[in-house]
Every structure is written in structure tokens, then in C-alpha cells.
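This report refers to the structure that appears directly beneath it.
The values are calculated or read from the model by the stated rules, or taken from the named source; none is laboratory data. On a predicted model such as this, the values are computed, not experimentally measured, just so you know. Cβ: placed from backbone, ideal geometry, glycine included. Neighbour counts: every protein chain shown.
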Amino acid sequence: MISPLFRDWLREPLLHFVLIGALLSVGYRLVNEDEVPNRIVISQGEVDSLAAQWRARRGRPPSPSEIDALVTQSIRTKVLAREARAFGLDQNDAVVERRLAQKLEFLFSDLARVTEPTDVELQAFLDEHLEDFTEPARLSFRHLYFNRDERDAAAADASQVLATIQMTPQMNTDTLGDRSLLATRYDLVTIAYIERTFGKAFAGAVIQDLAQRPASRVASQQNVGEQSHDSSPTSTGDGWRGPFESAFGLHLVLIDEYRPLQIPDLPSIRDDVASEWRRVKQMQANEAFYQTLLGTYTVVVGDEQ
Amino acid sequence: MARKEGVAAAAEMIAAFSQDKFPEELKSLPGTGLYRNTWDALIEAAEDANDPGVFTAFIGYEWTSLVKGNNLHRVVVYRDGADRAKLLEPFTMTPPLGNPNPRELWKWMAKYEEKTAGQVLAIAHNGNMSNGIMFPDDRAFGKRLDKKYVEDRIRWEPLYEITQIKGDGETHPFLSPDDEFADYETWAVGNLDLSVLKEDDMLEREYGRSGLKLGLKLQDKFGTNPYQFGLIGSTDSHTGLAAAEEDNFFGKHSGGEPSAARFEHPMAKVGQSEYPGWSMAASGWAAVWAEENTRESIFAAMQRKETYATTGSRMTVRFFGGWDFESEDSANRLPANVGYAKGVPMGGNLAAQPEGAKAPTFLVAAMKDPIGGNIDRIQIVKGWLDDDGNLQEKVHDVIWSGDRQRDSRTGKVPLVGNTVDVANATWTNSIGATELISVWEDPDFDPNELAFYYARVIEIPTPRWTAYDAKHFGLDMPDHVPMIATERAYTSPIYYSP
């Protein structure tokens with residue numbers, strides 16, 4: 001009967017790594033005659049591989065003399081590399097070190113396969129990373145535009161029109177105000193979109209006005225806790241408001257729908273959450289591996305005492 | 001200092017590459033593991049960022065054709081996702097899996113579409129670094145132009161980059177002496193590595209407006225216009241940042257990021273010739289009219305050329321051409337509706353002239369960038385091939401802000417003025433207009449002549465990035481450094497054929 005502790009230890013990726021490393025190292029020595037001093041071997045497999053790379057680059061197989069040249073070059077590289085290692089030239093070389101570190105990290109990533117998450121784990125992860133998965137607040141609205149360039153008193157004109165509308169709520173507003181290249185209505189656009197289109201001040205003023213209205217059932221932008229889990233629209237039921245100032249002039253605004261920040265339910269976004277969870281877990285595993293290795297070293301920075 | 005060395009290394013690489021002297025051992029070529037891995041990583045980055053409806057990221061690559069330093073770069077853009085893009089490695093410069101001749105790139109593009117059933121298009125960089133080989137009208141790479149060249153060129157290159165950091169490429173004062181706005185961010189020193197300096201006879205075949213005109217001549221000769229391209233702007237930045245506003249300019253590469261000294265450091269320098277740092281333009285953007293923010297929709301818009309270029313502002317511009325626009329249409333609350341109903345949008349071809357229609361009419365409108373300068377004026381630039389076989393151009397002021405009157409002698413509309421406070425890098429929108437809209441009819445129309453029309457929108461003067469740098473870093477810029485910019489937009493042309 002294997003104790004749970006031992007079983008956990010058996011599953012530890014670092015252990016697997018050390019065992020595999022040892023096996024590889026022994027196996028490598030057995031298989032590789034290169035380790036015999038002053039003996040270089042270019043196997044047929046290697047020759048074929050060099051020829052294949054040549055073919056991919058040049059679009060045709062190498063000729064016999066070209067193969068000779070490739071093999072000669074390969075031998076040259078191996079001899080010089082061996083001698084270089086003998087001289088310790090691979091030590092304290094930043095490029096060599098970085099490449100080796102990278103190879104080890106790749107190897108470990110392959111070994112440390114991250115397990116499948118449970119729903120409980122995913123929900124906890126989702127709760128911790130809400131901002132990454134929330135649907136931003138959206139607004140549907142119509143507006144009437146009053147062009148400052150064409151009117152001496154655009155704000156006063158806008159206020160007057162507003163008063164008229166409020167007195168006759170059934171009136172057709174389509175021909176009021178001025179024309180522009182702006183759309184006359186916007187459907188479920190984000191606050192960021194409104195900022196980009198009309199300017200930040202306009203977006204801020206409209207939202208703040210909305211949040212302050214006692215009659216509306218709408219969550220204010222600051223109140224993230226009041227998120228909605230159903231997708232039914234939260235209408236405001238209030239009429240035209242304003243005037244609000246944008247980069248273009250003055251506007252009266254009628255909000256048709258405000259949909260607050262939404263956090264989708266786990267089932268509807270499970271794949272996205274799982275994929276993000278795996279990515280984070282992999283990063284954590286890589287870091288844990290490194291920390292374990294680091295733990296076996298003494299580190300001295302600056303002059304040795 | 002490490003940063004200086006990095007910039008020097010990059011310059012050395014570009015110089016070596018330009019002259020085909022790049023060390024063989026360091027070349028990363030198709031067919032190698034390194035190349036494949038890099039391509040896969042690029043594809044993955046685009047797939048990761050692409051979020052249909054929210055943020056579109058295209059897969060693509062830059063094909064950096066340099067012939068003795070003459071720049072013929074194209075950016076290849078894929079409509080497709082990873083599954084198709086991975087099937088064929090990009091085209092390079094080195095035979096057999098590459099070639100500096102654009103005709104070979106088009107062959108690669110055809111091969112890609114055949115192999116994958118996908119779609120790609122190529123956008124050439126601003127031709128001002130090509131030293132006159134961007135718009136050949138007789139020979140290209142030693143071979144005479146033929147029907148296949150003109151057909152292939154427009155088939156694969158529906159768009160052209162008319163403005164970017166390395167200068168504005170719409171026109172040059174030498175080519176357009178009557179255009180008072182022609183000399184904007186003009187780079188005319190030489191080619192990319194300054195191995196050959198600029199000569200006047202190169203200009204005609206490397207500027208956008210002139211290229212559009214040459215296209216008419218070739219259309220007359222071959223039946224197809226190879227240069228009937230739509231226009232976009234871009235940065236050509238190699239920083240991974242889209243930061244081309246005057247007050248948010250991060251330069252072309254890491255050496256050009258904001259610093260007190262960046263205006264002085266040359267972008268390239270050979271002997272006595274250089275591209276000074278201050279001459280970089282904080283430009284530009286590609287604007288696209290598409291139904292939705294997805295790869296498919298934006299790519300389709302690029303293919304039909306419903307695009308416009310800006311030099312870094314986010315103006316909204318509409319341009320429609322038809323035979324019966326009337327002045328009342330400019331009062332319409334839904335100008336785009338009447339535009340599409342009565343005509344074709346930017347990038348389109350005018351319908352056949354109906355009975356009784358006198359001349360083409362155009363509905364044009366521009367709205368200012370919400371955080372930018374007001375609009376000074378909208379112009380329509382006409383280019384045509386006259387009955388004597390000569391290429392002509394004319395810039396028409398269509399509508400302008402305020403109550404300026406056209407000068408009866410010169411026909412010009414006076415400049416709008418200047419509210420820029422250079423020392424503080426500010427301006428006020430007390431001149432210019434929030435929005436301009438108008439209908440214009442061509443007063444010199446001749447139904448026998450091939451012609452194109454594009455709209456050019458010009459903003460009031462605003463501070464240039466050099467003014468923002470000077471203010472921020474407390475610098476004293478020499479007199480020759482421009483401190484004021486007049487941003488502009490250029491729409492894709494609308495074409496007329498008899």
C-alpha cells in the first residue's frame with residue numbers, strides 16, 4: 001500500500017525530471033561514440049539531415065561535391081566546438097547560457113503537464129480574475145446635435161428644444177437639432193466607444209447624469225458589486241436629458257437602454273476560463289520548478305567574503 | 001552605451017541587406033526551423049489578439065524588396081486565420097524562395113491562394129524611397145510592361161500607402177507647383193540607405209498623385225489601370241506600437257522613442273546626406289469603412305478600396321460620386337444613405353454617364369477628430385488624361401470654414417490662420433469648422449477623358465511632435481526644425497471611364 005505522501009512525491013515533476021535526466025545522461029554516453037576522446041563521427045543520418053536542409057534552402061538536392069563541403073563544414077564545427085569546450089570557452093558566455101537555460105525551460109514545460117481543472121477550481125479562478133472576463137457596461141441612446149459653429153447660442157437652443165420636448169413628449173424628434181456625420185442612434189456601445197467618438201467629457205457627463213437619477217434602476221459605474229447575471233435590459237424610462245457638451249457641440253441625449261457590467265456564468269465561458277487557468281498554472285509550475293532548483297544553490301552577489 | 005550600439009547594429013544590418021551583402025551564415029531563410037518557428041510565433045500573436053467585433057488583428061508580413069537601396073517594400077495582409085496562413089511560408093528576397101521583383105511576389109500570392117483557398121493582398125510602402133521605380137510606366141526590372149503586369153499589379157495591390165513616418169507621399173512641389181499644400185513632410189533626399197541621391201526625374205514615378213495619373217496613361221494603352229489603387233496611411237513603425245499622434249509619437253524604431261536627443265539623431269546618415277531625426281513624420285492611419293470590426297469585413301473593404309489615409313488624425317471622411325447629387329443632399333441627416341443610394345463610395349467606379357447628365361457630382365463630408373484640430377477645408381483633386389495624351393491635375397477647393405472669399409485673381413482660398421502656441425505646444429479650435437459637407441460638380445468635365453477624383457481634407461495648424469518634445473524636454477530646436485503640422489486625410493479615388 002503506497003502512502004499518499006509517497007504517491008504525491010512520485011508525481012512531483014522535478015523528480016521525473018531528475019530521473020529522466022539521469023537516464024538520458026547514461027543513455028547518451030552509451031549511444032554516443034562522440035564522447036570517445038579525439039573521435040568525431042558524422043553518422044549517415046546526420047549527412048542525410050544536412051542534405052535535406054540544403055534541399056529546403058536551395059530547392060534541389062546537393063551534388064556530391066556540395067555534400068562533401070557540408071560534411072567538411074560540420075566536422076570543422078564539431079572539432080572547434082570540442083576544443084572550445086575543453087578550453088572552457090562555453091563558460092561565462094551569455095549567449096550560450098541563455099540558450100541552455102531556454103532549453104531546460106522548454107524541457108520542463110513539456111514534462112510538467114498541467115492537470116484538468118475542476119469546476120470548483122475554475123470558479124475560484126474566475127472570481128479572482130473577474131476583470132478579464134466581464135462584459136463592459138453598454139449603452140443604447142439617441143441624441144440631438146446642436147452645432148456650435150452654426151448657432152450663436154447652441155446651449156440655449158438645446159435647452160429650449162429640451163423644454164419643448166418635455167412639454168409634448170409624443171412629438172417626433174427626428175427633425176430637431178442639426179445634422180452631422182455622427183449617427184443619430186447608438187446601440188449597446190461601450191463607454192470607451194462613446195469616449196472615442198464624442199470625447200471623454202461627454203461620456204463622463206452622460207453616465208454621471210444617469211447614475212444620479214433617483215428614478216432609474218440602473219447601477220452606477222462605480223458600483224461594480226451591482227453586476228447583473230441575466231441579460232435582460234435595464235431600461236431607464238426617463239426622457240431626454242442635457243444639454244451635454246462634446247467635442248462637436250451640444251447634445252440632448254435619450255437613453256434607451258443601459259446594460260450594466262456583466263459577469264457571464266461559468267458554463268458559458270468555461271473554455272476561455274480553462275485555457276487561461278492552464279496558462280497561469282503553467283507559469284506557476286515553471287516558477288516553482290525554478291525556485292526548487294534555486295533552493296539547492298548558494299547565491300553570492302558582489303565580492304565573496 | 002548599449003542603446004547606441006543597438007541602433008548602430010540595426011543600421012549596419014539594413015545597409016548590408018540593402019546592398020545584398022548580408023552575411024550568409026546569419027540569414028534566416030524559409031525551410032529552416034528558425035524561420036518556421038518565427039512565422040508560427042507571428043501567426044500565434046495575431047490569433048491571440050484577434051477578437052472579432054472588438055479588435056481585429058490580421059496575419060501578415062513585410063516583404064522588404066530593396067534593389068541597391070531602392071525601396072519597394074510591400075506589406076502582405078492575410079484575410080485568413082492560422083490554419084491557412086501556416087500552409088505556406090512567406091516570400092523573401094533570396095531566390096529560390098524569394099525574389100526582390102514584385103512580379104515574383106504576385107506569383108507567390110497566387111500560389112498561396114491556389115494552395116490554401118485563402119486571400120491575400122499587398123500594400124506597397126510610400127514610394128518616396130524607391131528613387132523612381134515604384135510606378136514604372138515603361139520598363140520594370142529590365143522587362144517591358146505588358147498586359148499581364150498591369151493586370152497583376154492592380155489585382156494583387158488594391159491599396160497603396162500614401163503617407164507614413166518616412167515622409168508624406170501624396171505629391172511633391174516639383175510635380176504640383178500650383179498646390180500650396182504640396183510640400184508636407186516631404187522627404188526627397190534619396191533612397192533608403194542613401195546610396196543614391198534624389199534626382200528630379202525620379203519624382204514622377206514615386207509619388208501617389210503622379211502614380212494615379214500614370215495609371216490613366218497605362219489604362220489607355222493596355223485597357224487596365226495598374227495604379228487604380230485605394231489609399232491608406234500607416235506608420236511603418238517597427239516598435240510594435242500604434243502611436244502616430246503628434247502628442248503621442250513613439251518613432252519608427254526603439255532608437256526614435258521619446259528622448260531629448262531624438263530630434264537630432266539621424267535616422268540614416270551616409271557621408272554628407274542624412275535623414276535627420278526631426279524629419280520623421282508622426283503619421284499615419286488607415287481608415288476603413290466596413291460593416292463590422294472583423295477580418296472578413298475589413299478585408300473586403302480594403303479589396304473594394306473603401307478606405308482613406310490620414311496623417312495621424314482621426315477625422316471622419318465620406319466621399320461619394322454620382323451623376324445627380326444636388327446641394328440639398330448636403331443638408332440630409334443621413335448623408336451616407338443618400339451617398340450610397342445615388343452614387344459610389346470612395347474607391348468606386350462611377351456608373352456609366354446617364355442621358356442628360358452633364359458632369360459627375362460628388363458628395364463630400366468631413367468631421368474633425370474629437371480630440372484634434374478643426375477642419376480648414378475640403379478639396380477635390382482631379383487627375384485626367386487629356387485629348388492630347390497629356391496627364392493633367394487640378395486641385396479644387398470645395399468647401400472651407402468661415403467666410404473666407406476666393407481670391408478673384410488667383411482663384412485660391414486664403415489660408416485659415418494659425419492659433420498654434422509653439423512654446424507651449426497648444427492650439428485653440430477658434431478657427432476652422434467642426435464639420436464640413438458639400439456637393440460639388442466637375443466644371444471642366446470632358447466625357448472622353450479618363451479621370452480620377454479624390455478628396456483631400458486639411459486641418460487647421462496644430463503643434464507638431466517636435467513642439468511637444470521641445471516643451472516636454474525643455475529643448476531649443478534650431479530654426480530649420482518644423483514645429484507646426486497641418487494634418488490631412490486623402491480618400492481613395494473615384495474613377496471615371498468613358
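Here are a few things to note about the model shown:
- Looking only at the range A:162-206, and only at residues there that are among the β-branched types (Val, Ile, Thr), part of a helix (DSSP H, G or I) and touching a Phe, Trp or Tyr at 6+ places or on another chain (Cβ under 9 Å), the one that is farthest from the other protein chains (Cβ to nearest Cβ): A:ILE165
- There is at least one residue in the range B:248-256 that is surrounded by fewer than 20 Cβ atoms within 10 Å (Cβ to Cβ) and either within 22 Å of B:GLY373 (Cα to Cα) or touching a Cys at 6+ places or on another chain (Cβ under 7 Å) (or both).
- Residues in the range B:96-151 that are among the aliphatic types (A, V, I, L, M) and assigned to a strand (DSSP E or B) were compared, and the one that is farthest from B:GLY81 (Cα to Cα) is B:ALA140.
- Filter pass, A:ILE255 being within 15 Å of A:GLN123 (Cα to Cα), in contact (Cβ under 8 Å) with a residue 24 or more places away in the chain, β-branched (Val, Ile, Thr) and surrounded by 15 or more Cβ atoms within 10 Å (Cβ to Cβ): no
- Only one of B:ALA455, B:ALA433, B:ALA451, B:ALA423 that is modelled with pLDDT of 95 or more, crowded, with 22+ Cβ neighbours inside 10 Å and over 30 Å from A:ASN147 (Cβ atoms): B:ALA451
- Sub-6 Å Cβ pairs linking a first residue in the range B:274-294 that is within 16 Å of B:PRO478 (Cα to Cα) to a second residue that is assigned to a loop (DSSP other than H, G, I, E, B) and at pLDDT 95 or above, at least 6 apart or interchain, are B:TRP278/B:VAL481; B:MET280/B:ILE165, ordered by first then second residue.
- The one condition in (1) farther than 30 Å from B:GLU12 by Cα; (2) part of a strand (DSSP E or B); (3) among the charged types (D, E, K, R) that B:GLU161 fails to fulfil: (1)
- Checking each residue in the range B:224-247 for being without any contact (Cβ under 8 Å) to a residue 24 or more places away in the chain and polar (S, T, N, Q) picks out only B:THR239.
- Residue list for the range B:380-405, restricted to those being in contact with an Asp or Glu (Cβ under 7 Å, 6 or more places away or on another chain) and of a type in the set (Lys, Arg): B:LYS382
- Residues that are part of a loop (DSSP other than H, G, I, E, B) and surrounded by fewer than 21 Cβ atoms within 10 Å (Cβ to Cβ), drawn from the range B:290-311: B:ALA290, B:GLU291, B:GLU292, B:ASN293, B:THR294, B:ARG304
- Looking only at residues in the range A:44-65 that are surrounded by fewer than 15 Cβ atoms within 10 Å (Cβ to Cβ) and part of a loop (DSSP other than H, G, I, E, B), the one that is nearest to the other protein chains (Cβ to nearest Cβ) is A:GLY59.
A quick yes/no check of all residues on (1) surrounded by 14 or more Cβ atoms within 10 Å (Cβ to Cβ); (2) away from every other protein chain (no Cβ under 14 Å); (3) of a type in the set (S, T, N, Q):
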{"position": "A:LEU250", "(1), (2), (3)": "yes, no, no"}
{"position": "A:LEU266", "(1), (2), (3)": "yes, yes, no"}
{"position": "A:SER275", "(1), (2), (3)": "no, no, yes"}
{"position": "A:ASN286", "(1), (2), (3)": "yes, yes, yes"}
{"position": "A:VAL299", "(1), (2), (3)": "no, yes, no"}
{"position": "A:ASP303", "(1), (2), (3)": "no, yes, no"}
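- Of the residues screened, B:GLY98 is not one that is surrounded by fewer than 22 Cβ atoms within 10 Å (Cβ to Cβ), farther than 24 Å from B:TYR207 by Cα, touching a helix residue (DSSP H, G or I) at 6+ places or on another chain (Cβ under 7 Å) and touching a residue at least 24 places away in the same chain (Cβ under 8 Å).
- Count of the range B:31-53 residues which are over 25 Å from the mean Cα position of the chain (by Cα) and assigned to a loop (DSSP other than H, G, I, E, B): 4
- Of all residues in the range B:347-376, those satisfying the criterion of being more than 14 Å from chain A (Cβ to nearest Cβ) and within 24 Å of the chain's Cα centre (by Cα) are B:GLY347, B:GLY348, B:ASN349, B:LEU350, B:PHE362.
- Selection status of B:PRO443, more than 14 Å from chain A (Cβ to nearest Cβ) and either surrounded by fewer than 14 Cβ atoms within 10 Å (Cβ to Cβ) or in contact with a Cys (Cβ under 7 Å, 6 or more places away or on another chain) (or both): yes
- Residues being within 13 Å of chain A (Cβ to nearest Cβ), hydrophobic (A, V, I, L, M, F, W, C) and within 15 Å of B:PRO100 (Cβ to Cβ) - total across the range B:14-35: 1
- Every test in (1) in contact with a Ser or Thr (Cβ under 9 Å, 6 or more places away or on another chain); (2) under 26 Å from B:PHE222 (Cα atoms) is passed by B:VAL189 save one, and that test is (2).
- Selection within the range A:83-98 - surrounded by 11 or more Cβ atoms within 10 Å (Cβ to Cβ) and either under 22 Å from B:LEU26 (Cα atoms) or in contact with a strand residue (DSSP E or B) (Cβ under 7 Å, 6 or more places away or on another chain) (or both): A:ALA84, A:LEU89, A:ASP90, A:ASP93, A:VAL96, A:GLU97
- Residue within the range B:64-83 that is surrounded by 20 or more Cβ atoms within 10 Å (Cβ to Cβ), closer than 28 Å to B:PRO158 by Cβ and either touching a Cys at 6+ places or on another chain (Cβ under 9 Å) or of a type in the set (Ser, Thr, Tyr) (or both) present: yes
- The range B:465-498: number of residues that are of a type in the set (Val, Ile, Thr) and part of a loop (DSSP other than H, G, I, E, B): 2
- Residue selected from the range B:316-328 under the condition closer than 16 Å to B:MET346 by Cβ and surrounded by fewer than 24 Cβ atoms within 10 Å (Cβ to Cβ), by the criterion farthest from the other protein chains (Cβ to nearest Cβ): B:PHE325
- Restricting attention to the range B:336-346, the residues that are within 12 Å of chain A (Cβ to nearest Cβ) and either crowded, with 23+ Cβ neighbours inside 10 Å or in contact with an Asp or Glu (Cβ under 7 Å, 6 or more places away or on another chain) (or both) total 2.
- Sole exception among (1) touching a Lys or Arg at 6+ places or on another chain (Cβ under 8 Å); (2) surrounded by 17 or more Cβ atoms within 10 Å (Cβ to Cβ) for B:GLY167, by number: (1)
- Selection from the range B:390-407 of residues that are assigned to a loop (DSSP other than H, G, I, E, B), under 20 Å from B:GLU441 (Cα atoms) and of a type in the set (S, T, N, Q): B:SER401, B:GLN405
- Single unsatisfied condition, A:GLU105 versus (1) part of a helix (DSSP H, G or I); (2) within 14 Å of chain B (Cβ to nearest Cβ); (3) touching a helix residue (DSSP H, G or I) at 6+ places or on another chain (Cβ under 7 Å): (2)
- Among the residues making up the range B:347-368, none is at pLDDT 95 or above and among the acidic types (Asp, Glu).
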